[in-house]
Structure formats: structure tokens, C-alpha cells
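Engineer: Before anything else, here's the structure in question.
What follows is calculated from the coordinates using simple rules that are stated; it is not laboratory data. Only a predicted model underlies this, so the values are computations on that prediction, with no experimental measurement involved. Don't worry about glycine lacking a Cβ; one is built from the backbone with ideal geometry, like all the others, and counts go over all protein chains shown.
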């Protein structure tokens with residue numbers, strides 16, 4: 001597909017920033033998203049090409065506005081929802097509960 | 001339902017994962033051969049980037065036989081085939097803005113390639 005991921009030759013994105021001693025993860029949630037994706041991949045419900053396509057097959061505006069592990073999470077949600085392993089309602093309910101927890105903690 | 005347990009993670013990750021296929025399929029192209037990439041714009045998954053479509057390149061290396069991502073992502077089969085390292089000159093990819101002496105090497109599946117001189121760029 002001709003998606004937002006296919007950046008080769010695109011102008012205006014600026015130089016690639018090389019980090020000294022680049023960490024594998026830039027926030028604890030990124031580590032969790034990576035682990036979740038690997039753990040669910042072990043179920044064998046999809047292959048590596050399906051998971052790549054799930055990450056790339058997004059509205060280009062959304063794709064280009066998302067960080068690397070945000071894209072991994074969004075792709076995983078698509079794969080899980082396509083197979084009925086989680087519903088959008090379940091994700092929304094969990095997000096609402098987490099938001100309530102955070103408000104209570106403040 | 002296979003589960004990935006914590007005590008398996010290190011072994012699984014260190015082993016890695018390859019989509020190489022142990023099939024003896026004759027290659028359609030050989031190292032040193034000039035090829036033309038197809039001009040395709042599929043709705044589904046592909047590993048042929050837009051900038052390298054309809055371009056002439058040179059086969060540098062045959063990596064062997066691998067699962068074809070385009071069909072694998074669609075769930076329509078592995079379609080195992082040869083994967084080649086193909087070199088494109090900057091001038092071929094970018095025209096007058098391409099820096100002389102610069103090249104881009106792209107790993108491309110056999111289904112993306114035509115022999116040079118084959119004519120139609122959209123032919124299957």
C-alpha cells in the first residue's frame with residue numbers, strides 16, 4: 001500500500017537524530033508494548049507480515065504523528081480486534097478506568 | 001493456544017526469527033543481471049518502496065528463498081521465492097538531484113522484478 005510509512009524520497013522531515021548511547025526504550029510503557037506484542041505474537045494468530053501491515057495500514061496523518069511504539073500499540077490493537085481477542089469497548093473501558101485512577105492519585 | 005512464558009523469552013529472542021524457506025527453487029535472476037522493477041500500487045502489503053518502482057537496477061546478490069510478504073500479509077500463502085539485493089544508482093532513483101557515484105541497495109523479491117528489456121512495467 002502507498003501509506004505514510006513509505007518515506008523514501010520524502011522532503012521536509014529533517015535530519016535523522018542520532019542519540020548517543022541510544023536506550024532501547026524511552027519510557028516504561030514502550031517496554032510493556034514491546035513485551036505485549038511479542039507475547040501475543042507467540043499465540044500464532046498472525047505472522048510477521050500481517051503485523052507489519054497492521055502497523056503500516058493507518059491514516060497517514062495518524063501514522064506520521066505517532067511515535068514508534070505508539071504505532072506498535074495501535075497495530076497490536078488492530079490485530080487483536082480483528083480476531084475478536086479484545087473489543088474496542090474493552091479498550092475504552094480500561095482507558096477510562098486508568099484515567100479515573102490517575103485523577104484519584106493527583 | 002501457544003503461550004510465551006517468561007522463562008522462554010530469552011531463548012526465543014536469542015534464536016530470532018527468519019522467514020527463510022528450505023526449498024530448492026531455481027532463481028529467475030542471477031548476480032550481475034540488470035532488472036527492472038514493476039510499477040505496482042497494491043492496496044495490500046508490499047515491500048517494494050514507491051521510489052524504487054519502475055526503475056532499472058543491478059542484482060548484486062541472491063539471498064536465497066523466503067516467504068513473500070505481500071501474499072503472507074494477506075493470508076493467501078507463503079509463495080516462497082528468491083530475494084535479491086538490487087542496486088540502483090542515485091541518478092536512476094532521483095534524476096538530476098541524484099549524487100553521482102551514490103547507490104541505494106534494496107532487498108527485493110522476485111515477484112517485483114522483470115528482466116531488463118521485458119517491456120511493460122506493469123506486467124505480472
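Engineer: Give the relative contact order (percent, whole number) for chain A; include only Cα pairs under 8 Å separated by 6+ residues. Mind dumping the intermediate values first?
Structural biologist: On the way: 51 pairs, mean separation 33.7, N = 106.
Relative CO of chain A lands at 32 percent.
Engineer: Label-point separation (nm) for residue A:87 and residue B:4, each offset 7 Å from Cα along Cα-to-Cβ?
Structural biologist: Going from the residue A:87 label point to the residue B:4 one covers 2.7 nm.
Engineer: Helix B:6-15: angle to the longest alpha-carbon principal axis of chain B, degrees 0 to 90, nearest 10?
Structural biologist: The angle comes out at about 30 degrees.
Engineer: For chain B, what does the relative contact order come out to in percent, with C-alpha contacts under 8 Å and a separation of six or more?
Structural biologist: Details: 209 pairs, mean separation 32.0, N = 124.
After rounding, I find 26 percent.
Engineer: Now for a separate question. Which length gain, in nm to one decimal place, applies between residue A:68 and residue A:2 when the Cα-Cα distance is subtracted from 0.36 nm times their residue separation? Don't jump to the answer; show the numbers that get you there.
Structural biologist: Numbers: separation 66, 0.36 × 66 = 23.76 nm, distance 1.88 nm.
Extra length available between residue A:68 and residue A:2 comes to 21.9 nm.
Engineer: Starting with the highest mean, order A:56-69, B:6-19 by the number of other Cβ atoms within 10 Å, averaged over the residues of each peptide. Mind dumping the intermediate values first?
Structural biologist: On the way: A:56-69: 14.4, B:6-19: 9.8.
Top of the packing list down: A:56-69, B:6-19.
Engineer: Just to verify a number: FRET efficiency for residue B:99 and residue A:11, C-beta to C-beta distance, R0 = 22 Å, to 0.05?
Structural biologist: Details: r = 15 Å, r/R0 = 0.70.
That pair, residue B:99 with residue A:11, gives E of 0.90.
Engineer: May I pose another question? Compute the FRET efficiency between residue B:76 and residue A:100 as 1/(1 + (r/R0)^6), taking r as their Cβ-Cβ distance and R0 = 41 Å, and round to the nearest 0.05. Working shown, then result.
Structural biologist: Details: r = 44 Å, r/R0 = 1.07.
The value I calculate is 0.40.
Engineer: Could you compute the FRET efficiency for residue A:26 and residue B:61, with r as their C-beta to C-beta distance and R0 at 41 Å, rounded to 0.05? Numbers along the way, then the final one.
Structural biologist: Numbers: r = 35 Å, r/R0 = 0.85.
Rounded to the nearest 0.05, the efficiency is 0.70.
Engineer: Quickly rank A:10-21, B:22-33, B:99-110 as a protection proxy: mean count of other C-beta atoms within 10 Å, highest first.
Structural biologist: Numbers: A:10-21: 5.9, B:22-33: 11.5, B:99-110: 15.5.
Top of the packing list down: B:99-110, B:22-33, A:10-21.
Engineer: Determine the shielding of peptide A:6-13 by partner chains: average, over its residues, the number of Cβ atoms on other chains within 10 angstrom of each Cβ. It would help to have the intermediate numbers written out before the result.
Structural biologist: Working: counts 5, 3, 7, 8, 2, 0, 0, 0.
That average works out to 3.
Engineer: Regarding the stretch A:28-105, what whole-number volume in Å³ per residue does the convex hull of its Cα atoms give? Walk me through the numbers before you get to the answer.
Structural biologist: Working: hull volume 8.5 nm³, N = 78.
Enclosed volume per residue, from the Cα hull, is 109 Å³.
Engineer: Cα centroids of the stretch A:48-77 and the stretch B:1-55: how far apart, whole angstrom?
Structural biologist: 19 Å
Engineer: 222 nm [θ] for chain A, helices only, -39500 (n - 2.57) per DSSP H run of 4+, per residue, to 500? Before the final figure, lay out each step's value.
Structural biologist: Values: 5 runs with 62 residues, N = 106.
Result for chain A: -18500 deg cm²/dmol, rounded to the nearest 500.
Engineer: Kindly provide the pair-distance distribution of the protein assembly as shown built from C-alpha pairs, with 5 Å bins from 0 and whole-percent values in order of increasing distance.
Structural biologist: 1, 5, 10, 13, 16, 16, 14, 11, 6, 3, 2, 1, 0, 0
Engineer: Over all residues in B:65-78, what is the mean tally of Cβ atoms on other chains that come within 10 Å of each residue's Cβ? Spell out each step's value before the answer.
Structural biologist: Values: counts 0, 0, 3, 1, 6, 2, 1, 6, 12, 3, 4, 0, 0, 2.
Partner Cβ neighbours, averaged per residue: 3.
Engineer: Counting only other chains, and only Cβ atoms inside 10 Å, what mean value do you get across the residues of A:44-56? Mind showing how you got there, number by number?
Structural biologist: Numbers: counts 2, 2, 2, 8, 7, 14, 6, 1, 5, 8, 2, 0, 3.
Average neighbour count from other chains, rounded to a whole number: 5.
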